[in-house]
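I have placed the structure first, in the form of structure tokens, so that the comments after it can refer back to it.
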Amino acid sequence: ENDLRESEETYRTLFEQSPFPIALCALDGTFVDVNEKYLQIAGTKKESIMGKGAMELGYVGPKDFHIISEAFLDGEGVIDQHPVDIGSPGGEVLKMLLSSRLIKYRGEPHIINVLNDVTDLIRAQEALELKNEELNEERNRLQMITDQSPGVVYQLFLKDDIPRFIFVSKGAELFVDVPTDKWLNDPSWMFDRMLPEERDRFLEAMRISERSGQTCRHEFLLRDFDGTVRWILNTSSMSQKRDGGTVWTGTLTDITERKRSEDAVKQVNRQLSLMSSITRHDCLNKIVATEGYIDLATKGIEDDATIDLLDKAQRSIEAIRSEMDLTHDLQELSDHDAQWVRIRDTIPEMVSQHPVRIPEALHQLEVFSNPMLPKVFINLVDNSLRHGVNATDLWIEYAEAPEGLTIAFNDNGVGIPPTDKERIFYRGYGKNTGLGLFLVREVLKLTNISIIENGSEGQGARFELKVPPGSYRFTDLQ
């Protein structure tokens, strides 16, 4: 009796505390007992289902009940992990795995059914399969794009300055007539065909990119098998670190023809610049001589009409000299490539000569512009002091917006009349003003920076420089 009681208690504990839904049924399928977990799944009370069958309660459809019964009979009273759909009170269909055994309960044959709810698992599997399909589609699209891209799309593993390609697009074979397997199996072939100094610069460019977190853009020379040297542009970014090295994803593009065109244009510009310089020098010499002749002629002539004509000739020569100065300034503009220029470094002189108030944040601002940018601000200061009449305060403001950065140079002078706000940037307007606002606009225009005057007459001038996104940055470099 004690053994039976202990066995009953053990059974009851296992039955009630099991994390799985368990139902004890008679041979006709009616419920004899269920545990608490089963009641949670069914969403009902025990007395509501006792003596009723799963099909009667709507938990299992006739088709599923027939399949389960056949599986139970074929298995001689055993079912293992049979998939079955169980309807819940909320209308949700739960995915279950049914395991059944024929047992004796209180001297009579019964069926004990254990359910394993795999609804969440199946949903996760379905979601995973869907995600895998999407990834495969994405992978196929990327493969198509990389295969059709000009040049080479690659992934490179770099460790201890030793490169190893782990992926290259199909264009690699056409790029330098090197089979794909050589790209992947011979890690040093490309570096071996670089000029010695190019290898060091290539690696240093990638180190700088890794430290700064910015995209690496580096041009290098590569020898073909026939000895021909070609220019290659490497554009890459570090995608991850692993195994003590770094993985880089990027492209290699042949820019030989572009470099040849650039060199040809530079050569033509050098020749034009030389011719312009010689011509300007010769013209200035002739202007000086002509001015001397006019001066001598003026001293020997007393006729007012003739003196007036000589005066006009002198003014014409001065206009020619002004035009020559303008061509010199324009040539100086074209002789410089754009670069990152720190705004704070553009105004060292005017800070000491004229008190210009600058926000602290602008000490870290860099703008991609022509190196003549300092002359822009020097000219704006000069313009305020010459034409502001009573300008005593000069200051710079800035504001960021989705369309870019606005740098505003302000003074508290007399301002500019509305009719002159655009005319001040015209060529020839306002002589003897340093670089001139015409050339100020030309300097800025080279890198798509615009300038307008947006002040109020009587309250001061306000010159607003509009810097497009990507052409400015704030750095923490000292």
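The values are calculated or read from the model by the stated rules, or taken from the named source; none is laboratory data. Please read all numbers here as calculations on a predicted model, not as lab measurements. FYI the Cβ positions are ideal-geometry reconstructions off the backbone, even for glycines, and counts take in every protein chain you see. Ligands, DNA and RNA are stripped out before the accessible areas are found, and what is left, the full protein with its side chains, is counted by its heavy atoms. Shrake-Rupley method; radii C 1.70, N 1.55, O 1.52, S 1.80 Å.
Kindly provide the GluC sites (Glu not before Pro) of the stretch 64-166 that DSSP labels as loop, not H, G, I, E or B, and whose Cβ sees at most 12 other Cβ atoms within 10 Å.
Here the sparse-neighbourhood loop sites are Glu76, Glu92.
Place +1 on the Cβ of every Lys and Arg and -1 on the Cβ of every Asp and Glu in the chain, take the dipole about the Cα centre, and give the residue among Thr298, Gly77, Thr249 whose Cα lies farthest towards its positive end.
Thr298
Tell me which aspartates and glutamates have Cα within less than 13 Å of Lys52's Cα, excluding those fewer than 8 residues away on the same chain?
Candidates past the 8-residue exclusion: Asp28, Asp33.
Provide the solvent-accessible area of Lys466, counting protein heavy atoms only and rolling a 1.4 Å probe, rounded to the nearest 10 Å².
We get 80 Å² for Lys466.
Between Gln155 and Thr306, what length comes free when the chain is fully extended (0.36 nm per residue of separation minus the Cα-Cα distance, one decimal in nm)?
Extra length from Gln155 to Thr306 when fully extended: 46.3 nm.
Restricting things to alpha carbons, find the Rg to Rh ratio for the stretch 31-116 using the Kirkwood radius for Rh. List each step's numbers first, then the result.
Values: Rg = 12.7 Å, Rh = 13.5 Å.
Reported Rg/Rh (Cα atoms, Kirkwood Rh): 0.94.
Tell me the relative contact order for the stretch 14-100 as a rounded percent, counting alpha carbon contacts under 8 Å between residues six or more apart.
19 percent
Output the Cα-based Rg and Dmax of the chain in Å, rounding Rg to one decimal and Dmax to a whole number.
Considering the chain through its Cα atoms, Rg and Dmax are 42.6, 152 Å.
Rounded to the nearest 500, what is the chain's calculated 222 nm mean residue ellipticity when only DSSP H runs of at least 4 contribute -39500 (n - 2.57) each, over all residues?
Result for the chain: -14000 deg cm²/dmol, rounded to the nearest 500.
Tell me, in nm to one decimal, what length is gained between Leu102 and Gln267 on full extension, where the rule is 0.36 nm per residue of separation less the Cα-Cα distance? Kindly include the intermediate steps, with their values, before the conclusion.
Values: separation 165, 0.36 × 165 = 59.40 nm, distance 9.64 nm.
Between Leu102 and Gln267, full extension yields 49.8 nm more.
What net charge do the residues around Glu133 carry, taking every other residue with its C-beta under 15 Å from that of Glu133, with Lys and Arg at +1 and Asp and Glu at -1?
Within the 15 Å Cβ shell, the charges total -2.
Residues in the stretch 158-188, backbone N under 11 Å from the label point at Asp243 (7 Å along the Cα-to-beta-carbon vector): list them, ranges by number please.
Counting only backbone N, you get 158-159, 164-166.
Report relative contact order for the chain in percent, whole number only (criteria: Cα-Cα under 8 Å, sequence separation at least 6).
The normalised contact order for the chain reaches 7 percent.
How many percent of all Cα-Cα pairs in the stretch 369-478 sit more than 25 Å apart? Before the final figure, lay out the partial values.
Working: 1131 of 5995 pairs.
The answer is 19 percent, as a whole percent.
How high is the FRET efficiency between Thr215 and Glu70 when r is their beta carbon distance and R₀ equals 51 Å, given to the nearest 0.05?
Once rounded, the FRET efficiency stands at 0.20.
Looking at this model, which pairs from Lys375/Lys421; Lys259/Lys286; Lys170/Lys241; Lys37/Lys104; Lys286/Lys312 are more than 28 angstrom apart at the alpha-carbon?
Lys259/Lys286, as the Cα separations exceed 28 Å there.
Just the number, please: carbon plus sulfur as a percent of the accessible area of the chain, 1.4 Å probe, no ligands or DNA/RNA counted. It would help to have the intermediate numbers written out before the result.
On the way: 15100 of 28290 Å².
It is 53 percent, rounded to a whole number.
Say each of Leu195 and Thr298 gets a label point 7 Å from the Cα, pointing the same way as Cα to Cβ; how far apart are those two points in nm?
The two pseudo-label positions are separated by 5.8 nm.
Report the local net charge at Thr119: Lys and Arg +1, Asp and Glu -1, summed over other residues whose C-beta lies under 15 Å from its C-beta. Mind showing how you got there, number by number?
Values: positive: Lys37, Lys95, Arg123; negative: Asp85, Glu92, Asp117, Asp120, Glu126.
Result for the local shell: -2.
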